[in-house]
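Visitor: This is the structure, below, for whatever I ask next.
The values are calculated or read from the model by the stated rules, or taken from the named source; none is laboratory data. Predicted model, so just to flag it, every value in this text is computed and none were measured. Counting neighbours? That spans all protein chains shown, and the Cβs are built from the backbone with ideal geometry, glycine included.
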């Protein structure tokens, strides 16, 4: 599985780090969306990483997931990011 927007793909990581909590969380924190790839595909990749974090037994607050996803949107989505940040209605994933 290749992480879009990352310099190193998941497949290139040593086997001993795959699935480790620190590595999975690091992948989530380092993930950045890019304008050159489809946003839907990149959102799916972020959701896979979140699923891996949950599978490791860690909990992630849903509000944190939503805000993190908004922050990871590509640079060209600046206005939409601003709109989502100021939206008052509760959002969920």
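Visitor: Considering only residues that are in contact with a helix residue (DSSP H, G or I) (Cβ under 8 Å, 6 or more places away or on another chain) and closer than 22 Å to residue 34 by Cα, which ones fall in region 54-66?
Guide: Within region 54-66, just 65 meets the criteria.
A quick yes/no check of all residues on (1) in a helix (DSSP H, G or I); (2) modelled with pLDDT of 95 or more; (3) on the phi > 0 side of the Ramachandran plot:
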residue: 3; (1), (2), (3): no, no, no
residue: 8; (1), (2), (3): no, no, no
residue: 11; (1), (2), (3): yes, no, no
residue: 16; (1), (2), (3): yes, no, no
residue: 19; (1), (2), (3): no, no, yes
residue: 22; (1), (2), (3): yes, no, no
residue: 25; (1), (2), (3): yes, no, no
residue: 29; (1), (2), (3): yes, no, no
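Yes or no, residue by residue, for (1) in contact with a strand residue (DSSP E or B) (Cβ under 7 Å, 6 or more places away or on another chain); (2) within 19 Å of residue 41 (Cβ to Cβ); (3) exposed (fewer than 13 other Cβ atoms within 10 Å of the Cβ); (4) modelled with pLDDT under 90:
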| site | (1), (2), (3), (4) |
| --- | --- |
| 53 | no, no, no, no |
| 56 | no, no, no, no |
| 59 | no, no, yes, no |
| 64 | no, no, yes, no |
| 70 | no, yes, no, no |
| 73 | no, yes, no, no |
| 78 | no, no, yes, no |
| 83 | no, no, yes, no |
| 87 | no, no, yes, yes |
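Visitor: Among the residues of region 71-91, what is the count of those that are touching a residue at least 40 places away in the same chain (Cβ under 8 Å) and either farther than 14 Å from residue 35 by Cα or not in a helix (DSSP H, G or I) (or both)?
Guide: Number of matching residues: 3.
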